[in-house]
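To start, the structure under review is shown below, and the notes come after it.
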Protein chains: 2
Amino acid sequence: MNSHSNLSVGEAQARVLQCVPSGGIEEIPLERSPGRMLAEDVRANRDLPPCDVSAMDGFAVRSADLTCGGAVLTLALDIKAGDRPQKVIAAGECARIMTGAPVPPGADAVIRVEDTRMPSDRRVEITLPVKAGNDIRARGEVMKNGDVVLAAGMEITPGVIGVLATVKRARVLVRRRPRVAIVSSGNELEALDAPFDPERIPESNGYALAAQIQAQGIEPARLGIARDDPRELADILRQGLEYDVLLVSGGSSVGAHDHVRPTLEALGVTLHFWCVKIKPGHPMAFGTRGERLVFALPGNPVSSMVCFEQFVGPALRVFMGHPRPFRRVVAATLAHAVRHRPGRTEFVRVTLRRNADGLRVASTGMQGSGNICSMALADGLLIVPADSEGLAAGAAARVQLLDGVGFEEASEFMGESS
Amino acid sequence: MNSHSNLSVGEAQARVLQCVPSGGIEEIPLERSPGRMLAEDVRANRDLPPCDVSAMDGFAVRSADLTCGGAVLTLALDIKAGDRPQKVIAAGECARIMTGAPVPPGADAVIRVEDTRMPSDRRVEITLPVKAGNDIRARGEVMKNGDVVLAAGMEITPGVIGVLATVKRARVLVRRRPRVAIVSSGNELEALDAPFDPERIPESNGYALAAQIQAQGIEPARLGIARDDPRELADILRQGLEYDVLLVSGGSSVGAHDHVRPTLEALGVTLHFWCVKIKPGHPMAFGTRGERLVFALPGNPVSSMVCFEQFVGPALRVFMGHPRPFRRVVAATLAHAVRHRPGRTEFVRVTLRRNADGLRVASTGMQGSGNICSMALADGLLIVPADSEGLAAGAAARVQLLDGVGFEEASEFMGESS
């Protein structure tokens, strides 16, 4: 693989990910940790449950009293969660017990309230036999003091937060997030706050890229627009190279007015590739200076966003130690034929609709790489393999899911009756 | 449907969503809007492209000069993006042009640089015929001044941000987020910052619920732990009813020590149901006071999180105007049999692994509703329908995807060669 050649998407991804440093570790409060990657093994600091507890609202009994298939027992005690019962339940006795409350000494089973009857305030009638241990959660069943309950490298999901709170970790060690800078380059660009000029192009890439980065939980720095002036460009790129990751959109084509690549090289950046067989996505370059990563993304808004998804997003996630760097891909059926000339892997902006057989995928229309509206409408990116000669209507296809499609319009349970 | 009866999951979802008010509208800066729902139709404020522009780095030509299948033309002009060429391209002339640069008067087509040769500095040889309009992006092709380019109700994804920046919307109208309060109830609970007491249960639900709410982009208020004291409980619930949505976990069972339900009713909350045929998830209650929503969630950590996913999450998303309130469900193949007694819809915590045939789903083990570790390990919730008599190994199954599984371990493109 020659580093200057026209790489496949997979080769380019591999080249990028080889260069991603480990971002290091920091300690943060539990409440700020969702979405971060755990950087330590976490051990239980107690047995849980701390003692045998009831799994039901009901009555704690001695199973030996019920071997004949039922009995009428004397209510000797009332135990709720948080109580610490000392009294021993004797033969013929039982205790009213709440879910989560400690099973009193003497009792060895719980019978749920629905399976009992109370002929008087002090008498409980039970008509079923019960085995020792019934509806009891044993001490240490969930976790034992000293056990590793969470492993370094896990993503901190709400479930992981639940475990961290259970072992009382008010602060946790997590992988650091990268600091990311965004520079947009081009004389034709008009800033969001600049006066309206009908002949210029509004600067949108910086905002779209920022939103893609925010979706990874990272707050990027937008350094602004670099005009096609070598000194201005060098100044802003030098500033960008102070960050862990620098994204430059636009200005990296092979054309005569391109200053980005030579300026990056003059600033000590080693370029690893500047051609990937991806559509849209030309031209896309990647370089490093020490542990700093630099992505020169295309100026076309769609190309820029598609390249972000394939190369930058996975790099940011690997930096943060994420075990899952790549967008989820789902199988879907094509609603219509898709034309393709072999050579480059193509990412077609598509919508997904669920039907009886699964997911149906259709183009958003308007696939021009300058048409940002196609990204606004897209649920996903249909992957057309580089060697494909086109896909037929009804064919199986693979679709990368974009932000927002973790959720669906319809409930799985709608129209259910009880 | 009797409001007090044992509702199916679908009936309970429908009952909750009927009660969700529209959260109203606010104006926020573009940079803070990702993930919010657009509350206005957005129109283009210009034609885009603003004029005919080149889709390629190449040469702007008069197609009439190339009708014979090629020509050698004189380079008359050099145009880069942001320029405003005035000179008319005459017969036999061409202009060097960059991607995105305006097509000069006289020219009606672009030919890409790869299809040309320059025998001298001033001569360009073109060997192909070219049609009028070739590789030109026509004025207004992406959007025309005044067109609606984004519709109210869309989720603000990175692609939508790109369009908003394109039409220079520095501020946008979005649907308001709900203010959400969390109360944990129970004498047995030990606060995160309280001294270690081996016989108490650490309070984890409030943190796990907070993380589930944060995953919806909402920063909740944790009001703390209410002990089983009627006045203390009433005080904290009264405070919670100032919020749009109040979550109370624990203390809502049918047991004798339950104060939550009567206290909510005494505070003017109308309870719509307090029994759902869901496992884990008992007891789960839902009520309203005016437009305020109250969810009394189970005290068991897993039950609490599962009920959140089915009822609270969709309600929060509907409040925010989200067109997609429900977790994405995927088809997967069961790695092992799952036992089930007909009656309640069961949500089994599972992992998902991709294999050649699609997704393979397996239990995380340890399905006790007190076992928060099962939620920490889960990629999704396997849905066992209420009327199921069990699922066989190898059977098709449906799985709700949880947070964190929008991404995968392996790249679709790994091992590709160029």
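How far is helix B:230-240 tilted, in degrees, relative to the longest principal axis of the Cα atoms in chain B, given as a value from 0 to 90 rounded to the nearest 10?
Result, in degrees: 10.
Using modelled amide H (1.01 Å from N, peptide plane; none on Pro or chain starts), what sits under 5 Å from the amide H of A:Met118, excluding residues fewer than 5 places away?
A:Glu125
Distances from A:Ala170 to the same position in the other copies: list them in nm, one decimal, shortest first, using label points 7 Å from Cα along Cα→Cβ.
4.3
Between A:Glu232 and A:Val72, what is 0.36 nm times their sequence separation minus the Cα-Cα distance? Round to one decimal in nm.
The span from A:Glu232 to A:Val72 would gain 48.6 nm if fully extended.
In debye, nearest 20, what is the charge dipole magnitude of segment B:329-401 about its Cα centre with +1 on Lys and Arg Cβ and -1 on Asp and Glu Cβ, if you could check?
Magnitude of the dipole: close to 100 debye.
At 7 Å along Cα-to-Cβ for each site, give me the label-to-label distance between A:Asn145 and B:Gln86 in nm.
Between A:Asn145 and B:Gln86, the label points sit 8.8 nm apart.
Of the residues B:Ile225, B:Ile28, B:Ile89, which exhibits the maximal mean-square fluctuation in a Gaussian network model of chain B defined by a 10 Å Cα contact cut-off?
Residue with maximal mean-square fluctuation among B:Ile225, B:Ile28, B:Ile89: B:Ile89.
Separation of segment A:58-127 and segment B:11-60 by C-alpha centroid, Å?
60
Dipole size in debye (nearest 20) for segment B:1-128 around its Cα centre, Lys and Arg Cβ +1, Asp and Glu Cβ -1? Please list the in-between numbers first.
Values: 14 positive and 18 negative charges, 27 e Å.
So the dipole magnitude of segment B:1-128 works out to roughly 140 debye.
Which value at 222 nm does chain A reach when only helices count, each DSSP H run of 4 or more adding -39,500 (n - 2.57), with the total divided by all residues and rounded to the nearest 500 deg cm²/dmol?
After summing the helix terms and dividing by residue count, I get -4500 deg cm²/dmol.
Calculate the mean, over all residues of peptide A:15-25, of how many other protein chain Cβ atoms lie within 10 angstrom of the residue's Cβ.
Neighbouring Cβ atoms belonging to other protein chains average 0 per residue here.
Under a GNM of chain B (C-alpha, springs under 10 Å), which listed residue has the highest mean-square fluctuation: B:Glu40, B:Glu291, B:Glu31?
Looking only at B:Glu40, B:Glu291, B:Glu31, the largest GNM fluctuation is found for B:Glu31.
In nm to one decimal, list the spacings between the A:Arg341 label point and its equivalents in the other copies, with label points set 7 Å along Cα to Cβ, shortest first.
Distances to the matching label points in the other copies: 6.7 nm.
What FRET efficiency, computed as 1/(1 + (r/R0)^6) with R0 = 60 Å and r the Cβ-Cβ distance, is obtained for A:Glu27 and B:Asp357, rounded to the nearest 0.05? It would help to have the intermediate numbers written out before the result.
Details: r = 43 Å, r/R0 = 0.71.
Efficiency, from the Cβ-Cβ distance: 0.90.
Given springs between every Cα pair under 10 Å in a Gaussian network model of chain B, which of B:Ala12, B:Ala210, B:Ala71 has the largest fluctuation?
Result: B:Ala71 has the largest fluctuation of those listed.
Taking H as built 1.01 Å from N, whose amide H comes closer than 5 Å to the amide H of B:Phe273, not counting residues under 5 places away?
For B:Phe273, the qualifying residues are B:Phe286.
Quick query: amide H of A:Arg139 versus all other amide H atoms, modeled in the peptide plane; which residues come in under 5 Å with a sequence gap of 5 or more or a different chain?
Those qualifying (amide H under 5 Å, at least 5 residues apart or on another chain) are A:Asp52, A:Val53.
Taking the Cβ-Cβ separation of B:Ala170 and B:Glu219 as r and a Förster radius of 22 Å, what is the calculated FRET efficiency to the nearest 0.05?
Using R0 = 22 Å, I get an efficiency of 0.40.
Tell me the angle of helix B:205-214 to the major Cα principal axis of chain B, expressed in degrees between 0 and 90 and rounded to the nearest ten.
Tilt relative to chain B: about 20 degrees.
Given charges of +1 on the Cβ of Lys and Arg and -1 on the Cβ of Asp and Glu, with all other atoms neutral, how large is the dipole of the protein assembly as shown about its Cα centre, in debye to the nearest 20?
Roughly 380 debye for the protein assembly as shown.
Taking the dipole about the Cα centre of segment A:329-401, with the C-beta of Lys and Arg at +1 and of Asp and Glu at -1, give me whichever of A:Ser388, A:Val399, A:Ala362 is farthest to the positive side.
Of the candidates, A:Ala362 comes out farthest on the positive side.
Does segment A:53-137 classify as rounded, prolate or oblate by the C-alpha gyration tensor (a ≥ b ≥ c root eigenvalues; a/c under 1.5 gives rounded; else a/b over b/c gives prolate, otherwise oblate)?
Taking the square roots of the gyration eigenvalues as a ≥ b ≥ c, segment A:53-137 is rounded.
Work out the mean other chain Cβ neighbour count within 10 Å for the residues of A:78-86 and drop it here as an integer.
Numbers: counts 2, 1, 8, 14, 11, 4, 3, 0, 0.
Mean inter-chain Cβ contacts per residue within 10 Å come to 5.
To the nearest 10 degrees, how steeply does helix B:9-18 sit against the main Cα axis of chain B, on a 0 to 90 scale?
So the inclination is approximately 70 degrees.
Give the chain B residue with the shortest beta-carbon distance to the rotation axis relating chain B to chain A, plus that distance as a whole number of Å.
B:Gly406, 3
Quick one: label points 7 angstrom along Cα→Cβ at A:Ile25, distances to the other copies in nm, smallest first?
The projected label point of A:Ile25 is separated from its counterparts by 5.0 nm.
How many nm separate the modelled label positions at B:Ser120 and B:Ala337, each set 7 Å beyond the Cα in the direction of the Cβ?
So the label points at B:Ser120 and B:Ala337 sit 8.8 nm apart.
Averaged over its residues, how many other protein chain Cβ atoms are within 10 Å of peptide A:94-103's Cβ atoms?
4
Read-outs throughout are calculated quantities, based only on the coordinates presented, and are distinct from any laboratory measurement. As the structure is a prediction and not an experimental result, all values here were calculated from the model. As a convention, Cβ positions derive from the backbone with ideal geometry for all residues, glycine included, and neighbour counts pool all protein chains shown.
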